[in-house]
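Here the structure is laid out as structure tokens; the discussion comes afterwards.
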Amino acid sequence: MVTTHNLGFPRIGKNRELKFSLEAYWRGETSLVDLEKTAQDLRQTHWLSQQHLDWVPVGDFSFYDHVLDTSLLVGNLPKRSDARLGDVDRYFQAARGQSSKNLEQTPIAAAEMTKWFDTNYHYMVPEFDQDTQFQLHAERYLAQYQEAVNQGVNAKPVLLGPVSYLWLGKAKDDIDKLALLDSLLPVYEQLLIALADAGAEWVQIDEPILATELGSDWQHALTQAYFSLHKTPVKLLLASYFGPLRENLNLACELATAGLHIDAINAADEFVNVVDWLPPHKVLSLGVINGRNIWKTDLNSTLDKLEPIHQRLGDRLWLAPSCSLLHVPVDLEQETTLDTEIRNWLAFANQKLNELSILAQALSSGRQAVAEELNANAEAILSRQHSKRVHKKAVQTRLENISSDMAQRQQPYSERVGLQQKQFVLPLFPTTTIGSFPQTPAIRQSRRLFKKGELDQQRYHADMKAQIELAIREQEAVGLDVLVHGEAERNDMVEYFGEQLEGYIFSRLGWVQSYGSRCVKPPIIFGDIERPQAMTVDWINYAQSLTDKPVKGMLTGPVTMLNWSFVRDDQPRSVTCQQLALAIRDEVQDLEQAGVKIIQIDEAALREGLPLRQNDWQTYLDWAVFSFKLSANGVANETQIHTHMCYSEFNDIIESIAAMDADVITIETSRSDMELLDVFNAFDYPNEIGPGVYDIHSPNIPSVASICQLMEKAAQRIPPERLWVNPDCGLKTRQWTEVKPALEAMVNAARQLRLDVAA
Ligand SMILES: CN1c2c(nc(N)[nH]c2=O)NC[C@@H]1CNc1ccc(C(=O)N[C@@H](CCC(=O)N[C@@H](CCC(=O)N[C@@H](CCC(=O)O)C(=O)O)C(=O)O)C(=O)O)cc1
Ligand SMILES: N[C@@H](CCS)C(=O)O
Ligand SMILES: [Zn+2]
């Protein structure tokens, strides 16, 4: 027999029920009871759809984020949160902060949010200091376990492991995070005992840091942790995912647990080694279904690899997706309008779990037991391999003809800068924004009606033009120097371009959680990429026609398009990225032809796409930076190229950032007190920088003084003539009532700074 299980299920709901319920609760329109009811219904539905598995995950549901859940579970929500609130409201306050309602009230800062490994999911960073103490708060967690048991579910509780929890957190003072392990372990022990008392047999404990380079202290911490935890009366299934174990392979095999799960997609060449190393009493869970992508698994070739392993391991073999299915949409069944040929190549969460059952049946009872399913799968795989829609000769030929000079500007920045300054005549500390303005309910409503066919294109375009005009007027009123059109017409900075490129398809309801209640709908790259026509020129032209100030053309760069799409698995990512780069290059050149003098190419996801191990970084950076340059650098010296990145920890990759050779880079820096600029200073970064002067995630309005202070710190690191003034990132999630005063403060601060320099 082969055991099947799942590591985690998407929690947002197939129609984003959780999103809508959360947002209604936060707006004060519904009660906590209503929210809890939605959550319970979702869990019930999700468990039901997984009931064909031998073990179903429980504890993977979250109101916001599972790392924040762990903070609640171990009694480590940020201390600043209001102790008078109930658990759920304190939890939301930690996630979202609280703005001050009046002058006497001090705002409460949200916990920091950052990317979950190399995914587009964000987690809330745990905070530690020398007063950190842990205490078990398992009521909600245990209640969910009980809820599952009552529903007749074969429940396998899922926990984030203690060592990864510490690793993911941030020390707020000079405390050594690892020193906290001794006090954290007893809390985990208590929880495991409580779960055993409640009837749990297996507990999945995730230690995703096993796929990263670990110092000996972290390796030792893992040994210590599992030496303690294995004494509890449950069987622990240690789960690693997102990459190969490499130098941690022996450690992972030998930790004191009853089983090990590995990511057999990203560590495909390791499974045999793991089978060799794994002690004979342990089960091995192979993550053979890709939890990060939406393609059907080639079941027959997977079985070719699994059958010999099954012969060796027998009942000790478990099967699962490679990682939690949090990163894929819920159900392909509801994609009734998708192109049927391509739809037949796809599998979302529910379909992936069915694949798992087919594999298990084939192993346990022989392939003939599921011959029909295997044949259908083979046909789908072949249809994709041979489809004429995937490969395009013209794209291949263009790719073959890429030369290195296509990625080089004609002159170096030191010579371009004079030409650009002459053209724009911008003041010192020029002010600008990152691109998007509030995506108001009116904008979304209009787009919704347009997509449903209830609003014609002319009306929809008129609505969007009205929004662009509003954005231009507001920016002029505030007195910004370089304007943007505001991105009203874009549902998302990646999906919008995906919708206009050939080689992409997009789902209707394929939502994936990005953070909290916010979701993205990653478009799907199924074939060679081509740009049939200009994508942004008319909108930017329209915006420019409304003002004498320069309006930036606004594009998403190839690396970000790649990292935030579901990508092909039949060719290297680097090749797909070059195809995207050529499409964006064409758009850049069309914008330039149309007279757009400043073009921003966002590469928000370039840094987060870094492989988990530093050893693999350079290869990625080489092709990623080349792709960016290919998209950006075919322009005249006078054209100013901007790029933007929101995660700006560049210490180890500054050379690559400089190699991009953007004339201006705008980055997120406000929360780091400009310290992130140190590396630009140390490296003598030669081009212009717009360090973000306020945090766009918070509704709080920055003061002129706080912006001046930050810019003075910036000017200690970067010469003032190379500094721009801008927010950390786009303003799409904010409201105009927040945006206007914040930008006014920013412009006033820039004016003050200019006076200070002149004095
Ligand atoms: C910069 N970020 C981005 C990331 N990834 C991307 N792919 N895109 C990004 O911008 N990763 C890192 C960060 C993550 N940040 C965010 C910020 C905000 C959101 C967000 O607001 N998401 C929206 C969905 C956006 C969208 O596609 N909207 C559609 C409307 C879809 C919709 O809900 N329509 C409703 C009707 C609404 C109405 O008012 O009537 C419906 O159809 O029922 C659009 O604009 O057309 C969200 O709501 O979650 C995500 C990531
Ligand atoms: N131009 C985009 C970048 C976000 S990272 C925006 O402003 O929303
Ligand atoms: Zn950004």
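The values are calculated or read from the model by the stated rules, or taken from the named source; none is laboratory data. None of these values were measured; they are calculated from a predicted model. Every residue, glycine among them, receives a Cβ derived from its backbone with ideal geometry; neighbour counts consider all protein chains shown. Note: accessible area is taken over every heavy atom of the protein model, side chains too, but ligands, DNA and RNA are not part of it. Shrake-Rupley method; radii C 1.70, N 1.55, O 1.52, S 1.80 Å.
Projecting the alpha carbon convex hull of segment 3-386 along each direction and taking the average yields 20.3 nm².
When N is the residue count of segment 316-410, what does its C-alpha Rg come to as a fraction of 2.2 N^0.38 Å?
For segment 316-410, the normalised Cα radius of gyration is 1.56.
Summary of packing: across the peptides 272-278, 457-463, the per-residue average of other C-beta atoms within 10 Å ranks them, highest first, as 272-278, 457-463.
What per residue convex hull volume, in Å³, do the alpha-carbon atoms of segment 416-462 yield?
Working: hull volume 6.7 nm³, N = 47.
Convex hull of Cα atoms, per residue: 143 Å³.
With the dipole of segment 397-758 worked out from charges on the C-beta (+1 for Lys and Arg, -1 for Asp and Glu) around the Cα centre, which of 404, 555, 582 lies farthest toward the positive end? Most positive-ward Cα: 555. What fraction of the DSSP beta bridges in segment 3-386 is antiparallel, stated in percent and rounded to the nearest 5? Bridges in segment 3-386 are about 15 percent antiparallel.
Each peptide in 409-415, 80-86 receives the mean, over its residues, of other Cβ atoms within 10 Å, and ordering these scores from highest gives 409-415, 80-86.
Farthest towards the positive end of the charge dipole of segment 3-386, among the residues 99, 214, 375, is the Cα of 99, using unit charges on the Cβ of Lys, Arg, Asp and Glu.
Annotation: amide H-H contacts under 5 Å for residue 729 (H modelled 1.01 Å from N, sequence separation of 5 or more, or interchain): 696. For segment 477-614, the equivalent ellipsoid built from the Cα gyration tensor has semi-axes of 27, 17, 15 Å, listed from largest to smallest. Of the solvent-accessible surface of segment 108-190, computed with a 1.4 Å probe and all protein chains present, 44% belongs to carbon and sulfur.
Candidates 674, 698, 687 compared by Cα position along the dipole of segment 667-706: farthest toward the positive end lies 698, with charges placed on Cβ. Taking all protein chains together and a 1.4 Å probe, the residues 261, 52 rank 52, 261 from largest to smallest accessible area. Put simply, the C-alpha atoms of segment 593-660 give a gyration tensor, and the ellipsoid matching it has half-axes of 25, 12, 9 Å, longest first.
In percent, rounded to a whole number, the relative contact order of segment 397-758 is 20, using alpha-carbon pairs under 8 Å and six or more apart. Rolling a 1.4 Å probe over the protein heavy atoms gives the chain an accessible area of 39 Å² per residue. According to the Kirkwood relation over distinct C-alpha pairs, the hydrodynamic radius of segment 464-541 is 14.6 Å. Our coupling estimate for segment 479-490, obtained by passing each phi through the Karplus curve with A = 6.51, B = -1.76, C = 1.60 and θ = phi - 60°, is x, 5, 8, 10, 9, 10, 8, x, 6, 4, 6, 9 Hz, Gly and Pro reported as x. Compared with the dominant principal axis of the Cα atoms in the chain, helix 441-451 is inclined by about 70°. Remark: spin-label model distance residue 383-residue 300 equals 1.5 nm, labels positioned 7 Å along the Cα→Cβ axis. For residue 8, the residues 5 or more places off, or on other chains, whose built amide H falls under 5 Å of its own are 325.
Give me the dipole magnitude in Debye, nearest 20, for the chain about the Cα centre, with unit charges on the beta carbon: positive for Lys and Arg, negative for Asp and Glu.
Details: 71 positive and 101 negative charges, 265 e Å.
Computed charge dipole of the chain: roughly 1280 debye.
Rounded to two decimals, the Cα-based Rg/Rh of the chain, with Kirkwood Rh, is 0.96.
Approximating the spin labels as points 7 Å out from Cα along Cα→Cβ, the residue 344-to-residue 649 distance works out to 4.6 nm. Computed on protein heavy atoms with a 1.4 Å probe, the accessible areas place 539, 167, 345 in the order 167, 539, 345, largest first. Highest mean packing first, where packing is the average number of other Cβ atoms within 10 Å per residue, the peptides 245-251, 512-518 line up as 512-518, 245-251. What value does segment 397-758 have for Rg/Rh, both radii from Cα atoms and Rh as Kirkwood defines it? Rounded to two decimals, Rg/Rh equals 0.94. Hydrodynamic estimate: the Kirkwood radius of segment 219-292 over Cα pairs, inserted into Stokes-Einstein at 10 °C and 1.306 mPa s, corresponds to D of 127 µm²/s.
Looking at the chain alone, DSSP beta bridges between its own residues are antiparallel in about 15 percent of cases. Hey, if you drop one equal point scatterer on each alpha-carbon of segment 212-260 and run the Debye formula without solvent, what base-10 log of I(q)/I(0) do you get at q = 0.13, 0.18 Å⁻¹? Listed by q, the Debye log ratios stand at -0.29, -0.55. Here the contact order of the chain, divided by its residue count and restricted to Cα pairs under 8 Å and six or more residues apart, works out to 12 percent.
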